[in-house]
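Below: one structure, written as structure tokens.
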Amino acid sequence: MSYSVVVQAAGGGAIGVGHLSRTATLANALRSTGFWKRVVLLWETSPELAAYFQPPECEVIIVPDSQTALRERSRLCKQQGIFILVTDLLNIQAEDVAVAKNQGYQAFVHVNDSGIGRFAADMLVDADAFKSLKDLPPSFKGVGLIGAPYRIIRPSVAQLRPLTPWLGDKVNKVLISLGGSDPGNITLQLVQSLYEQQLLPSFSTTIVVGPAFDSTQVNQLQIIVEQNQYLSIIKSPSSLAHLILEHDLIVTLGGITSYEIMCMGKPCAAVAWGSMKYYVEHLNSISLLANLGEVKNAVNCLLKLTNNIGLLHQLAKLGWKKIDGRGADRIATQISNLANTLLM
């Protein structure tokens, strides 16, 4: 018997693009098992973002909104015999699981920690490094894949994972990479503060502009960069992993990029912003990244951190040991096992 799976996600300027990156990696891992006849990525996003994140040789269906995604999902299930649905969507509710089952999907797998309805899934993947099976409620009856071993890391990053973590004796280069969209405009605020306060910098700073950044924000960043020889800007880099390797300390918002940095054995710091503050504080509590606080104070904290080489070594070592880059393969294996169990 042949098996097929739909992997659904949404991404864009308002909600970020991490869901697209994560599901692209998972779809690749599912294909690599050789178990699945068909793996379909169903993305609610723009054609431009889809082209940027689409993995080679993967089937992608692009839709403009959630209602169109719902209709396409139903069509795929009924006409193509696809029987497992994997979602990476925000605020999943129990009703969403019920709708998928009514459409004909025999199993609902959710890859996210958002929405109380995720506990109605047949399989839940929550890869926050500070989580464990103890965080699942007694009501959850499915399969729980919880914690750092299931953190999805892009192949382009995992392939460059060094044999040892960073052991530099000085921070010469800092990378600021706050996601693909930065909806809070934190990059501009951080760079403005850095430009104003660091009159005689001891390190150079590279600023990454993601593919979904607002054009006004990009233009303002460019103006600041042109006024300071210690600042440089890179737009939608083809390989963020290579940039991580080239820098001594990387600043994020505590999301997917933070875990990629850990996998590559580099020290990570994060600005505490909006809903991401929760993740930054928890990752800081287990010494996987340094919490720079809110953006208004972040540069002062960053300047102090660059002089604390011992702490930076500790962050790099613990992150490198915790995140090994094999999370997507582990999840793909477990989804295949779920399919076998359902059809026994």
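The values are calculated or read from the model by the stated rules, or taken from the named source; none is laboratory data. Owing to the predicted nature of the structure, the values given are computational and were not obtained by experimental measurement. Cβ placement follows ideal geometry from the backbone for every residue including glycine, while neighbour counts extend to all protein chains displayed.
Values as computed for the structure displayed
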item	result
Filtered residues of the stretch 104-131 (kept if free of Cβ contacts under 8 Å to residues at least 60 places away in the same chain, surrounded by fewer than 17 Cβ atoms within 10 Å (Cβ to Cβ) and touching a helix residue (DSSP H, G or I) at 6+ places or on another chain (Cβ under 7 Å))	G104
Residues located in the stretch 130-176, provided they are over 21 Å from the mean Cα position of the chain (by Cα), closer than 23 Å to G310 by Cβ and hydrophobic (A, V, I, L, M, F, W, C)	L163, W166, L167, V171
Condition met for V191 (assigned by TED's automatic domain parsing to the domain that holds I223 and under 21 Å from the mean Cα position of the chain (by Cα))	no
Which listed residue, of L90, L85, L41, L76, is in a loop (DSSP other than H, G, I, E, B) and either at pLDDT below 95 or under 17 Å from H19 (Cβ atoms) (or both)	L90
Residue in the stretch 52-67 that is nearest to the chain's Cα centre (by Cα), counting only those that are farther than 20 Å from R38 by Cβ and part of a helix (DSSP H, G or I)	Y52
Exclusive hit being within 16 Å of Q189 (Cβ to Cβ), under 18 Å from the mean Cα position of the chain (by Cα) and not basic (K, R), set G293, G274	G274
Where K141 falls short, out of the listed (1) among the basic types (K, R); (2) surrounded by fewer than 22 Cβ atoms within 10 Å (Cβ to Cβ); (3) closer than 23 Å to G254 by Cα	(3)
R22 part of a helix (DSSP H, G or I), more than 16 Å from H110 (Cα to Cα) and charged (D, E, K, R)	no
Count - residues of the stretch 44-69 that are modelled with pLDDT under 95, within 23 Å of Q103 (Cα to Cα) and surrounded by 16 or more Cβ atoms within 10 Å (Cβ to Cβ)	0
Helices (runs of 4 or more DSSP H) contained entirely in the stretch 293-344, each with at least 2 residues that are modelled with pLDDT under 95 and in contact with an Asp or Glu (Cβ under 9 Å, 6 or more places away or on another chain)	327-342
